[in-house]
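What follows is one structure encoded as structure tokens, with my remarks underneath.
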Amino acid sequence: EADIYQTPRYLVIGTGKKITLECSQTMGHDKMYWYQQDPGMELHLIHYSYGVNSTEKGDLSSESTVSRIRTEHFPLTLESARPSHTSQYLCASRGSNEQFFGPGTRLTVL
Amino acid sequence: AQSVSQHNHHVILSEAASLELGCNYSYGGTVNLFWYVQYPGQHLQLLLKYFSGDPLVKGIKGFEAEFIKSKFSFNLRKPSVQWSDTAEYFCAVKRGGGADGLTFGKGTHLIIQP
């Protein structure tokens, strides 16, 4: 079944660690997105990609980086995690009209 | 920049009550509008969308929304809610101006009491 996957679902990590949040989709979509959502707040677009080797920054400035080496894979990396990075990170991919969302990664940086 | 306002952050209703959740957006040009729902512990999923044509759109699970261009609104409605409608509801607008992605409202937390 076509779907979008994110791992890990929950991550608690210490300050200064490098982390990579994984996102993969089996729907064959070219466009993929990363959103950040703080509790009780709206989702903010932080990165998007139109396809392989394409990455763009979104509305919300983020210290994270992304890469798109394969169509199905769109990982997000934080080189040095800080408590201010504590949030939920949602990955999405888009077909012709609709964005499909993954389950999210809830990140806590101590 | 576009913005989306959802007026009700928390709504509590009894089963069988009628529901209307407000959504207003700021962009004056052509817009694509969406309502997403997030049930407890589940992914965000699309309830309904408007791109063009009939301004009254019907979605899944008995939800509908009306696009009123003059009011920059896209309110979500359901005539009779069920306990299973308890969820977080997000209104979103497709960004224009060549940029991609969605602009979301802050969400409405809906609780349906049995």
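The values are calculated or read from the model by the stated rules, or taken from the named source; none is laboratory data. In this text the structure is predicted, and so the values were computed from the model without any measurement. Here the Cβ positions follow ideal geometry from the backbone for every residue, glycine too, while neighbour counts run over all protein chains shown. Just so you know, the surface numbers come from the protein's heavy atoms only, side chains and all, with ligands and any DNA or RNA stripped out. Shrake-Rupley method; radii C 1.70, N 1.55, O 1.52, S 1.80 Å.
Residues with beta-carbon under 13 Å from that of B:Gln113, excluding B:Gln113: net charge, scoring Lys, Arg +1 and Asp, Glu -1? Computed value for this residue: -2. In this assembly, the B-A interface accounts for approximately 1700 Å² of buried accessible surface in total, computed with a 1.4 Å probe and without ligands, DNA or RNA. For a straight C-alpha distance cut-off of 22 angstrom, the lysines reachable from B:Lys94 (same-chain residues fewer than eight places away being disregarded) are A:Lys31, A:Lys57, B:Lys49, B:Lys58, B:Lys69, B:Lys71, B:Lys106.
For chain B, what is the relative contact order in percent, using Cα pairs closer than 8 Å and at least 6 residues apart in sequence?
Details: 276 pairs, mean separation 41.9, N = 114.
Averaging sequence separation for qualifying contacts and normalising by length gives 37 percent for chain B.
Considering only beta bridges that DSSP places wholly inside the protein assembly as shown, some 90 percent are antiparallel.
Per-residue mean of foreign Cβ neighbours for A:41-53 is 3 (Cβ atoms of other chains, 10 Å radius). Each Cα pair under 8 Å and six or more residues apart adds its separation to the average, and for segment A:4-109 the resulting relative contact order is 37 percent.
Largest first, the residues A:Tyr33, B:Tyr27 sort by 1.4 Å accessible area into B:Tyr27, A:Tyr33.
Cα centroid separation, segment A:21-100 to segment B:46-110: 22 Å. By DSSP, the beta bridges lying fully in chain B are antiparallel in about 85 percent of cases.
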